[in-house]
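Take a look at the structure below.
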Amino acid sequence: MRAVCVIAMTFVAAPLVGCGGKSDRLAVYPVKGKIAYDKKSPEGAMIVFHPLSGDAAGSSLRPSAVVQKDGSFVPTTYDHGDGLPAGEYALTLFWPRLPGKGEMEGEAGGGGENRLPARYGKPETSGLKVVVEKQANELKPIELTR
């Protein structure tokens, strides 16, 4: 359980790293999306956005989002749900299996291990990229595979 808490705090604190006062903030644009794994919502999965190009490229910013029950997500860069700076991002995901809760009802839990294939844990191998424009953005639905 402690590992899950540490991991969760890392994702919550990630958007705060490297931001000074408001004057140091990049402009952010509203973003919303939906994601599914095997046609079901990976509720509670954590998504991290790794800037590849654009306004946040080269910065220490790693905006994040948590997948909701319906598969929707809204990224946070500075303030909850504020969106992302314009540019291209590689996505990584971590969906913890909580102790006592398995992937499917009735399964034994696995102490915080990732329910998703390992490739989704690295920006170089996830195969997931999105582009954020300088406007409100609704991303194409993302379908994760085994």
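The values are calculated or read from the model by the stated rules, or taken from the named source; none is laboratory data. Predicted model, so just to flag it, every value in this text is computed and none were measured. Neighbour counts are summed over all protein chains in view; Cβ atoms, including those assigned to glycine, are modelled from backbone coordinates with ideal geometry.
What the table below lists for this structure:
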quantity	calculated
Scan of the stretch 36-49 for residues that are over 11 Å from TYR89 (Cβ atoms) and assigned to a strand (DSSP E or B), ordered by number	ALA36, TYR37, LYS40, MET46
Looking only at the stretch 72-85, and only at residues there that are surrounded by fewer than 20 Cβ atoms within 10 Å (Cβ to Cβ) and of a type outside the set (Ser, Thr, Tyr), the one that is farthest from GLU138 (Cα to Cα)	ASP79
Among residues of the stretch 62-101, those that are in contact with a helix residue (DSSP H, G or I) (Cβ under 7 Å, 6 or more places away or on another chain) and either under 20 Å from ARG25 (Cβ atoms) or among the small types (Gly, Ala, Ser) (or both), counted	6
Pairs, first closer than 23 Å to ALA36 by Cα in the stretch 73-89, second crowded, with 21+ Cβ neighbours inside 10 Å and at pLDDT below 95, C-beta under 6 Å, six or more apart	THR76/PRO15; THR77/PRO15
Qualifying residue in the stretch 15-26 (condition: modelled with pLDDT of 95 or more and closer than 15 Å to LEU139 by Cα)	no
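Condition check ((1) modelled with pLDDT under 55; (2) in a strand (DSSP E or B)) across all residues:
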site: VAL4; (1), (2): yes, no
site: MET9; (1), (2): yes, no
site: LYS34; (1), (2): no, yes
site: PRO51; (1), (2): no, yes
site: ALA56; (1), (2): no, no
site: ARG62; (1), (2): no, no
site: ALA65; (1), (2): no, yes
